[in-house]
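Asker: Dropping a structure here in structure tokens format, bear with me for questions.
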Amino acid sequence: MEYDRFVFNDTVDAAPDSIDWRDMSAINPIRNQGGCYSCWAFAVLTTVEAINQIVTGDLASLSEQQLVDCFNKGCQASYMDDAYQYIIDNGGIDTEEDYPYNAIYSGYCDKFKQNTKVVSIDGYRMARRNNENALKLAVADQPVAAAVEGYGQHFQLYGNGIFTKYCGTKVDHAVAVIGYDSEGGKDYWIIRNSWGDGWGEFGYMKLERNIQSRSGKCGIASWPYYPIKYNNKKGNSLEGKAPVARQENQVKYDSVRPVGCENVK
């Protein structure tokens with residue numbers, strides 16, 4: 001893993017005032033993780049699906065179940081960066097249609113489907129941590145996987161509007177940041193959750209943005225990851241560019257703790 005390619009400063013003039021990747025056909029319909037602690041898989045694949053659409057124009061729906069069965073071997077909390085690394089090491093990932101989600105661990109990895117590599121990535125990076133300006137620049141470029149404190153009652157029972165109620169920063173749940181905007185003079189992030197379209201605003205949350213806490217509301221800026229894709233080929237062809245190498249010691253130290261809050265609503 002490498003850190004973000006952007007040059008950061010106190011201004012974000014390079015980023016648009018607002019962006020919503022749903023408007024650019026880069027986001028699939030909301031899914032529901034059910035009782036499986038697999039939020040990390042949904043957050044990661046949201047960003048992989050998005051970067052694939054940005055690069056190739058094809059919005060594929062990818063297999064969270066493959067990550068549960070073949071990478072994590074169970075419905076348990078996991079590391080988002082390790083999920084990206086699995087996709088890289090495997091040379092790609094299968095589609096949801098071919099390897100459908102069932103919210104349980106099947107007990108084995110379907111090796112044939114694991115070898116059906118429909119979408120690949122060339123690496124992943126972490127945006128500058130604990131910096132909402134850095135997160136804004138990254139999200140302006142593509143959707144980003146992030147961790148939040150999601151077990152609190154206010155978060156779980158969110159209905160609509162900009163979420164400003166109390167939320168800590170002990171992150172335990174993974175989401176995708178798919179945009180940002182402002183409303184009534186208040187800034188917010190557009191969060192894609194994996195608790196079905198009956199939660200929040202049809203599965204999404206407007207999360208207060210630009211607060212005084214360095215880690216952001218609910219810790220949203222604590223652990224921001226995004227995938228890298230250079231071309232539309234399967235596998236890890238970089239067309240002469242150096243791959244984003246994983247630095248073992250740094251990843252072990254810098255990894256977000258396992259996240260996997262189940263759908264508790």
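The values are calculated or read from the model by the stated rules, or taken from the named source; none is laboratory data. Keep in mind that what you see is a predicted model, and the values were worked out from it rather than measured. A quick note on method: Cβ atoms are made from the backbone with ideal geometry, for glycine too, and the neighbour counts reach across all protein chains shown.
Asker: Note down all Cβ pairs under 7 Å where the first residue falls in region 194-216 and is within 10 Å of GLU132 (Cα to Cα), the second is in a strand (DSSP E or B), and they're at least six residues apart or on different chains.
Answerer: Matching pairs, first to second residue: ARG209/TYR180; ARG209/ASP187; ARG209/TYR188; ARG209/TRP189; ASN210/ASP187.
Asker: Of the conditions (1) closer than 28 Å to ASN52 by Cβ; (2) touching a strand residue (DSSP E or B) at 6+ places or on another chain (Cβ under 8 Å), PHE155 clears all except one; give me its number.
Answerer: (1)
Asker: Could you please let me know if TYR166 is modelled with pLDDT of 95 or more and surrounded by 22 or more Cβ atoms within 10 Å (Cβ to Cβ)? Walk me through it before giving the result.
Answerer: On the way: modelled with pLDDT of 95 or more: yes; surrounded by 22 or more Cβ atoms within 10 Å (Cβ to Cβ): no.
Here the answer is no, as TYR166 does not meet what is asked.
Asker: Ok, one more. Could you list, in sequence order, the residues of region 120-161 that are aliphatic (A, V, I, L, M) and farther than 16 Å from ALA176 by Cβ?
Answerer: From region 120-161, those aliphatic (A, V, I, L, M) are 121, 126-127, 134-135, 137-140, 144-148, 157; that's our starting set.
Answer for region 120-161, where residues must be aliphatic (A, V, I, L, M) and farther than 16 Å from ALA176 by Cβ: ALA134, LEU137, LEU157.
Asker: Determine if region 105-119 includes at least one residue that is among the charged types (D, E, K, R), on the phi < 0 side of the Ramachandran plot and touching a Pro at 6+ places or on another chain (Cβ under 7 Å). Even if it seems obvious, please write down each step before you answer.
Answerer: If we filter region 105-119 for residues that are among the charged types (D, E, K, R), which is where we start, we get 110-111, 113, 117.
Next, only the ones that are on the phi < 0 side of the Ramachandran plot stay: 110-111, 113, 117.
Imposing the further condition that a residue be touching a Pro at 6+ places or on another chain (Cβ under 7 Å) reduces the set to none.
No, because not a single residue in region 105-119 is among the charged types (D, E, K, R), on the phi < 0 side of the Ramachandran plot and touching a Pro at 6+ places or on another chain (Cβ under 7 Å).
Asker: Under the condition of being in a loop (DSSP other than H, G, I, E, B) and of a type in the set (A, V, I, L, M, F, W, C), which residue from region 118-128 is nearest to the chain's Cα centre (by Cα)?
Answerer: ALA127
To keep it simple, each residue is scored yes or no on (1) modelled with pLDDT of 95 or more; (2) over 21 Å from ASP141 (Cα atoms).
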| residue | (1), (2) |
| --- | --- |
| GLY185 | yes, yes |
| SER194 | yes, yes |
| ASN210 | yes, no |
| SER215 | yes, no |
| PRO227 | yes, no |
| GLY235 | no, yes |
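Asker: Tell me yes or no: at least one residue of region 182-191 is in contact (Cβ under 8 Å) with a residue 40 or more places away in the chain and surrounded by fewer than 24 Cβ atoms within 10 Å (Cβ to Cβ).
Answerer: Yes; the residues of region 182-191 include at least one that is in contact (Cβ under 8 Å) with a residue 40 or more places away in the chain and surrounded by fewer than 24 Cβ atoms within 10 Å (Cβ to Cβ).
Asker: On to the next question. Those residues that are farther than 19 Å from ASN28 by Cβ, of a type outside the set (A, V, I, L, M) and either out of contact with any Asp or Glu (no Cβ under 6 Å at 6 or more places or on another chain) or modelled with pLDDT of 95 or more (or both), I need them from region 91-112; list them, please.
Answerer: First, the residues of region 91-112 that are farther than 19 Å from ASN28 by Cβ: 91, 104-112.
With the extra rule that they be of a type outside the set (A, V, I, L, M), the set shrinks to 91, 105-112.
Once the filter is applied, which keeps residues that are farther than 19 Å from ASN28 by Cβ, of a type outside the set (A, V, I, L, M) and either out of contact with any Asp or Glu (no Cβ under 6 Å at 6 or more places or on another chain) or modelled with pLDDT of 95 or more (or both), region 91-112 yields GLY91, TYR105, GLY107, TYR108, CYS109, ASP110, LYS111, PHE112.
Asker: Another question about this same structure. Of all residues being closer than 16 Å to CYS75 by Cα and of a type in the set (Phe, Trp, Tyr) in region 101-117, which is nearest to the chain's Cα centre (by Cα)? Just the residue, please.
Answerer: Here the answer is TYR101.
Asker: OK, next. In region 59-77, what residues are at pLDDT below 95 and out of contact with any Ser or Thr (no Cβ under 7 Å at 6 or more places or on another chain)?
Answerer: LYS73, GLY74, GLN76, ALA77
Asker: For ALA77, only one of the following conditions fails: (1) within 27 Å of THR169 (Cα to Cα); (2) surrounded by 22 or more Cβ atoms within 10 Å (Cβ to Cβ); (3) touching a Gly at 6+ places or on another chain (Cβ under 7 Å). What is its number?
Answerer: (2)
Asker: Got a sec? Which of ASP69, ASP98, ASP89 is more than 15 Å from the chain's Cα centre (by Cα), surrounded by fewer than 20 Cβ atoms within 10 Å (Cβ to Cβ), charged (D, E, K, R) and not in a loop (DSSP other than H, G, I, E, B)?
Answerer: Working: ASP69 fails: surrounded by fewer than 20 Cβ atoms within 10 Å (Cβ to Cβ); ASP98 fails: not in a loop (DSSP other than H, G, I, E, B).
Exactly one residue qualifies, and that residue is ASP89.
Asker: List the pairs whose first member sits in region 50-62 and is at negative phi, whose second member is of a type in the set (D, E, K, R) and surrounded by fewer than 17 Cβ atoms within 10 Å (Cβ to Cβ), and whose Cβ atoms are under 7 Å apart, counting only residues at least 6 apart or on separate chains?
Answerer: Partner pairs satisfying both residue conditions: ASN52/ASP58; SER61/GLU97.
Asker: For region 72-86, how many residues meet the condition of being within 17 Å of the chain's Cα centre (by Cα), farther than 17 Å from GLY34 by Cβ and of a type outside the set (S, T, N, Q)?
Answerer: Total meeting the criteria: 7.
Asker: Considering only region 129-151, state which residues are among the basic types (Lys, Arg) and either in a helix (DSSP H, G or I) or touching a Cys at 6+ places or on another chain (Cβ under 6 Å) (or both).
Answerer: Step one: filter region 129-151 for residues among the basic types (Lys, Arg), giving 129, 136.
If the condition is that a residue be among the basic types (Lys, Arg) and either in a helix (DSSP H, G or I) or touching a Cys at 6+ places or on another chain (Cβ under 6 Å) (or both), then LYS136 is the only one that fits.
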